[in-house]
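Read through the structure below, which is laid out as structure tokens, and then see the notes.
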């Protein structure tokens, strides 16, 4: 398995869109390093020929009728938005 | 029967009182309210309560329905229309659920009344409820100890007679472990037996909603109401739902129970081990045959879990970005700054740790080594169970290797906290059902602390583990013991019960 020294908490936190303080990054680096060391044991398991289990039970191709039904109004869907106007969510400018 | 006696009753007993019109649904709500107002300043089981709405619903409750007029507490990670759903996180500050989860609709159809939302580890990530960003929940058996987690509020509420029954959710033991530590019954159904629609997702391939109750019979009653197919959850199984009450019998002749030898590890507290040994003898005396079995992949379960659960969490929690609901950082300079600071300020340390770990194991270059390999080992774990269930009807183990621990005792070391889930995690990975029931007490520092017995059953075999659990329960008195909690004189509240420090 990948060596635990490869974990760069600061880099992965940026991928996850979470800002970290320097102290937090330092603590997490140590704690997650311990967890990654612990999961190294999976490298010892012989998994040749084993198919990955995405779900515990074999359930495939579940369909439901494609029919319209009552659901949220736009107003209700927006009711929890921290910022909204004219039936739209407000976000900072994305494109210059 | 006075209002003061009502909170101690179980659901089945309440039903008969309600149906004989000896008590009204409104009186139940009011008795529960009195108990909660007296006890909850010490226990801290609830994050929000809405007795006004509950009393109105109680006025036109139909007590002849299966759960008619019965108030049920709901873990605050399940959406109840019009109520907060905080997930015990700052990031859902101010959120009000615009809809009912399917389990809530089903409870209402059965006549039950949701009235309050219970505390949990933030987004159900934890084993002690210490990761709640909003408040501390204390174990009713010893207020200096944790109630377990993540459904710690639900378990503490039921144990302290602040709820007749509750819903929890279980991703790696989050119903069964707090039930064990608080001395109540907790059932994790088979993956897909109960709809997850309206449960805020933590790890979608592992999460399952289930009941926390005072007796096995009550767990069966709630399962009758909430189990079944749901077009809104493609993983909800369409298999017919049996009458779980019909399976409850008192003898175990012909039942084969397996003792996994890998579960008899050194880390089990001697008092827990003694209680489990005695329970095995008791089950044997009720007619069950006890067989030693082997689950060779057991030692990998915790490692597999903390890769798969965090990977799924990192994707599920991407939706908390300060745009559609909840907390939003002030004055973002651009959209990345909005995401980064909203999530920095909105999530607690354990949630951040898990999102970062999950992002890492899914990231380019590491996916095969961690996530894909974990899924393959998960398949081996599933095969282990499928193999032993050809020889036995159910498996026996402790629910937790230890009784309730003190605040802060494990919080500083996430890995130690994760290892507390060693007996419960495999059931979620394999998708099978499991139940924890009271089976004795440990004596620690002059306090009696409950011990839980776990029974694991095969896929969709809830009726069988309920039957075994019921037979055991009816032959013992453990479930009748109540915690020694007293209504505290007002002056001590808040003084001796300062919230413990939240771990980083």
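The values are calculated or read from the model by the stated rules, or taken from the named source; none is laboratory data. Not measured: the values here are computed from a predicted model. For neighbour counting, all protein chains shown are included, and Cβ atoms are generated from backbone atoms with ideal geometry for every residue, glycine included.
Any chance the stretch B:121-137 includes a residue that's within 28 Å of residue B:237 (Cα to Cα) and either without any contact (Cβ under 8 Å) to a residue 40 or more places away in the chain or touching a strand residue (DSSP E or B) at 6+ places or on another chain (Cβ under 8 Å) (or both)? There is at least one residue in the stretch B:121-137 that is within 28 Å of residue B:237 (Cα to Cα) and either without any contact (Cβ under 8 Å) to a residue 40 or more places away in the chain or touching a strand residue (DSSP E or B) at 6+ places or on another chain (Cβ under 8 Å) (or both). Taking the residues in the stretch B:238-255 that are within 21 Å of residue B:431 (Cβ to Cβ) and either more than 14 Å from every other protein chain (Cβ to nearest Cβ) or under 21 Å from the mean Cα position of the chain (by Cα) (or both) as candidates, determine which candidate is modelled with the lowest pLDDT. Here the answer is B:247.
Only one of the numbered conditions (1) closer than 13 Å to residue B:188 by Cα; (2) assigned to a strand (DSSP E or B) is not met by residue B:463, and that is (2).
Looking at B:458, B:480, just one residue is at pLDDT 90 or above, in contact with a helix residue (DSSP H, G or I) (Cβ under 8 Å, 6 or more places away or on another chain) and more than 19 Å from residue B:168 (Cβ to Cβ), and that residue is B:458.
Looking across the stretch B:139-148, the residues that are crowded, with 24+ Cβ neighbours inside 10 Å and out of contact with any strand residue (DSSP E or B) (no Cβ under 7 Å at 6 or more places or on another chain) come down to B:140, B:148. Condition first: within 7 Å of chain B (Cβ to nearest Cβ), loosely packed, with under 11 Cβ neighbours inside 10 Å and not in a helix (DSSP H, G or I). Can you find one or more residues in the stretch A:67-85 that meet it? No, every residue in the stretch A:67-85 fails to be within 7 Å of chain B (Cβ to nearest Cβ), loosely packed, with under 11 Cβ neighbours inside 10 Å and not in a helix (DSSP H, G or I). Residue B:13 meets the conditions (1) closer than 24 Å to residue B:185 by Cβ; (2) touching a residue at least 24 places away in the same chain (Cβ under 8 Å) in every case but one. The failed one is (2). Please give the helices (runs of 4 or more DSSP H) falling wholly within the stretch B:233-351 in which 3 or more residues are without any contact (Cβ under 8 Å) to a residue 12 or more places away in the chain and closer than 25 Å to residue B:361 by Cα. Result: B:335-346. Could you pull out the residue among B:389, B:423, B:405, B:385 that is buried (at least 20 other Cβ atoms within 10 Å of the Cβ), within 12 Å of another protein chain (Cβ to nearest Cβ) and touching a strand residue (DSSP E or B) at 6+ places or on another chain (Cβ under 9 Å)? Going through B:389, B:423, B:405, B:385 in turn, just one is buried (at least 20 other Cβ atoms within 10 Å of the Cβ), within 12 Å of another protein chain (Cβ to nearest Cβ) and touching a strand residue (DSSP E or B) at 6+ places or on another chain (Cβ under 9 Å): B:385. Read through the list (1) in a loop (DSSP other than H, G, I, E, B); (2) touching a helix residue (DSSP H, G or I) at 6+ places or on another chain (Cβ under 9 Å); (3) on the phi > 0 side of the Ramachandran plot, then give the number of the only condition that residue B:408 fails. In the conditions (1) in a loop (DSSP other than H, G, I, E, B); (2) touching a helix residue (DSSP H, G or I) at 6+ places or on another chain (Cβ under 9 Å); (3) on the phi > 0 side of the Ramachandran plot, residue B:408 misses (2) alone. Taking the criterion of being within 14 Å of the chain's Cα centre (by Cα) and within 14 Å of chain A (Cβ to nearest Cβ), the residues of the stretch B:201-237 that qualify are B:206, B:207, B:208. For residue B:435, indicate whether it is in a helix (DSSP H, G or I) and more than 19 Å from residue B:129 (Cβ to Cβ). So residue B:435 does not fit the description; no.
For the stretch A:41-66, filtering for residues that are under 25 Å from the mean Cα position of the chain (by Cα) and either in contact (Cβ under 8 Å) with a residue 40 or more places away in the chain or within 7 Å of another protein chain (Cβ to nearest Cβ) (or both) leaves 12. Considered as a group, the residues in the stretch B:167-183 that are touching a strand residue (DSSP E or B) at 6+ places or on another chain (Cβ under 6 Å) and farther than 16 Å from residue B:441 by Cα include one that is surrounded by the fewest Cβ atoms within 10 Å (Cβ to Cβ), and that residue is B:169. When residue B:339 is tested against the conditions (1) crowded, with 22+ Cβ neighbours inside 10 Å; (2) at the interface with chain A (Cβ under 7 Å from one of its Cβ atoms); (3) touching a helix residue (DSSP H, G or I) at 6+ places or on another chain (Cβ under 8 Å), the lone failure is (3).
Taken together, the residues in the stretch B:428-456 that are more than 14 Å from chain A (Cβ to nearest Cβ), in contact (Cβ under 8 Å) with a residue 12 or more places away in the chain and either over 17 Å from the mean Cα position of the chain (by Cα) or within 30 Å of residue B:228 (Cα to Cα) (or both) amount to 18.
When residue B:86 is tested against (1) under 22 Å from residue B:436 (Cβ atoms); (2) in contact with a strand residue (DSSP E or B) (Cβ under 7 Å, 6 or more places away or on another chain); (3) within 14 Å of chain A (Cβ to nearest Cβ), exactly one condition is not met: (1).
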